[in-house]
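Some notes on the structure that comes next.
The values are calculated or read from the model by the stated rules, or taken from the named source; none is laboratory data. Everything numeric here is computed off the predicted structure, so don't read it as measured data. Here the Cβ positions follow ideal geometry from the backbone for every residue, glycine too, while neighbour counts run over all protein chains shown.
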Amino acid sequence: MLFPTTDFAIFFGIVFLGNWLIRPYKTAWKVFILAASYVFYSWWDWRFVFLLAASTALTTAGGILIDRSRTDRARRAYLTATVVCELGLLGWFKYYGFFSVSVDNALGKLGIHGTPLPLLAITLPVGISFFTFMGLSYVIDVYRRRLDRAPAIDVAVFVAFFPHLVAGPIVRGSDLLPQIFRAERRDPRTVELPEAAYLIFAGLFKKVVISSYVSSAIVNPVYNAPGVHSAPEILLATYGYAVQIYCDFSGYTDIAIGCALLLGFRFPQNFNAPYTARSLQDFWRRWHITLSMWLRDYLYIPLGGNRGSKASMYRNIMLTMLLGGLWHGAAWTFVIWGGIHGLAQCTGHYKRSRRESLGLPAQPEGRFSIAWQRFATFQVVCFGWIFFRANSFNDATTLISRLFTTWGQAAPLVRFPVVAAIVGALAMQYLPRNFAWRMQQLFAQMRLVTKGAVLAAALLVITTLGPPGVAPFIYYRF
């Protein structure tokens with residue numbers, strides 16, 4: 001079920017009313033929200049609710065077994081078994097086809113035809129990467145004794161809660177489980193309506209208007225036929241994809257956070273003006289923040305983090321980013337994308353350590369230096385997006401080659417409205433930090449009738465400027 005649809009509007013209206021009417025009845029409310037979340041997930045394909053249930057059962061059982069174990073050895077064994085089972089489900093549905101094709105190709109190059117692994121067409125369930133990572137964070141935190149084991153129904157609601165279910169943000173148990181446990185205490189009069197309305201309508205505008213327009217006007221035509229477009233078109237399409245994926249993904253999480261607020265829950269922030277970053281490390285503090293923090297706490301630090309030698313730290317960064325790239329998709333282009341970010345982060349760490357050894361600030365300051373850092377970082381990020389968006393490695397290399405060799409050719413797709421949309425979307429990253437807060441305060445001071453008129457006008461603008469029908473969010477396939 002897509003957020004910007006009539007189906008979801010009707011669904012959410014029913015859930016909103018039921019949520020607050022049943023809220024005082026603790027168990028009944030949890031059953032209601034859990035049932036609503038499974039209805040939401042089954043809208044795409046009802047058969048995969050069994051996968052969601054299986055992942056939830058593994059998470060719940062793992063937490064119980066770890067919590068009840070009396071020895072560290074038993075705790076580690078149950079943690080290992082739970083992680084292997086969770087990742088096994090993820091690996092089968094998401095990576096089996098990629099692995100079998102890679103093995104077949106590798107054997108073919110060695111002159112060995114036929115693979116021991118059958119080539120199967122396995123449908124990728126929506127949101128499996130997100131709810132798997134949430135389940136893993138819960139059992140790992142229980143193992144680390146940073147989180148108390150929760151009742152089974154609370155864990156089920158935590159994993160399946162529909163606003164975050166299919167594309168994040170990746171909410172941890174320490175963030176959401178206490179809110180679920182105390183849900184009946186929340187007063188509907190304390191709901192942050194101005195903030196929720198701002199997030200939902202801003203998210204809809206970013207997804208329905210900006211992302212859809214840039215995608216159809218420049219990104220899809222160029223990336224679906226990389227061998228026939230000129231360098232200016234490829235460059236603009238690459239910048240356009242940077243805008244498209246930001247507006248698409250941040251738009252989804254804005255709507256998710258806003259819907260959760262209307263239901264009385266607060267999710268963590270997931271984006272913070274990522275294209276204003278001054279380094280790749282800074283970029284990952286601003287882009288998909290909940291994934292960045294997950295990779296740091298559950299992968300980078302357990303690998304050793306920045307402890308030990310510089311070489312060890314660089315190895316840990318590269319492994320984290322390569323696996324982070326593979327998390328995004330079962331293709332070598334995603335691995336290369338992760339490698340680009342890992343290499344850029346290692347380079348940044350090396351440069352900062354060199355400057356500090358000379359007694360200089362970690363990064364040069366001053367307007368020109370800061371502007372240059374932001375410009376250079378954005379170019380590296382956009383270079384990585386070529387591999388992320390390209391349909392294959394060959395398509396990516398074709399685009400990069402033509403980016404440097406076809407500057408004299410015609411560029412009919414480079415039109416003022418497209419350039420204006422891309423530049424305008426990037427410029428919005430530099431709005432004052434308190435801009436959203438000021439808009440919310442202005443909305444809060446309006447009378448009820450005025451609020452309704454403003455929301456109706458905003459919805460009219462979005463539906464008028466947006467295309468007929470809405471494509472699925474990009475991160476649905478991750």
Out of 470, 419, 449, 461, which single residue is farther than 19 Å from residue 258 by Cα, not charged (D, E, K, R) and not assigned by TED's automatic domain parsing to the domain that holds residue 236?
-> 470
Given the structure, is residue 425 in the same structural domain as residue 245 (by TED's automatic domain parsing) and either over 30 Å from residue 327 (Cα atoms) or exposed (fewer than 11 other Cβ atoms within 10 Å of the Cβ) (or both)?
-> no
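If you check 264, 251, which single one turns out to be crowded, with 18+ Cβ neighbours inside 10 Å and within 23 Å of residue 215 (Cα to Cα)?
Details: 264 fails: within 23 Å of residue 215 (Cα to Cα).
Residue meeting the stated conditions: 251.
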Collect the residues in region 369-400 that are surrounded by fewer than 16 Cβ atoms within 10 Å (Cβ to Cβ) and either among the small types (Gly, Ala, Ser) or not in a helix (DSSP H, G or I) (or both), keeping them in residue-number order.
-> 369, 371, 376, 391, 392
Conditions (1) hydrophobic (A, V, I, L, M, F, W, C); (2) assigned by TED's automatic domain parsing to the domain that holds residue 124; (3) surrounded by 21 or more Cβ atoms within 10 Å (Cβ to Cβ); (4) in a helix (DSSP H, G or I) -> residue 171 fails only (4)
The one condition residue 214 fails out of (1) in the same structural domain as residue 394 (by TED's automatic domain parsing); (2) out of contact with any Pro (no Cβ under 7 Å at 6 or more places or on another chain); (3) surrounded by fewer than 24 Cβ atoms within 10 Å (Cβ to Cβ) is (3)
Residues being closer than 26 Å to residue 250 by Cα and either in a helix (DSSP H, G or I) or free of Cβ contacts under 8 Å to residues at least 12 places away in the same chain (or both): count how many of those fall in region 401-430.
-> 15
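Select, from 465, 448, 460, the only residue that is surrounded by 11 or more Cβ atoms within 10 Å (Cβ to Cβ) and either more than 24 Å from residue 334 (Cα to Cα) or touching a residue at least 12 places away in the same chain (Cβ under 8 Å) (or both). Before the answer, list the steps.
On the way: 448 fails: surrounded by 11 or more Cβ atoms within 10 Å (Cβ to Cβ); 460 fails: surrounded by 11 or more Cβ atoms within 10 Å (Cβ to Cβ).
It is 465.
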Counting only residues in region 130-147 that are part of a loop (DSSP other than H, G, I, E, B) and in contact (Cβ under 8 Å) with a residue 12 or more places away in the chain, the one surrounded by the most Cβ atoms within 10 Å (Cβ to Cβ) is identified as 147
Report yes if some residue within region 422-437 is over 19 Å from residue 206 (Cβ atoms) and within 25 Å of the chain's Cα centre (by Cα); otherwise report no.
-> yes
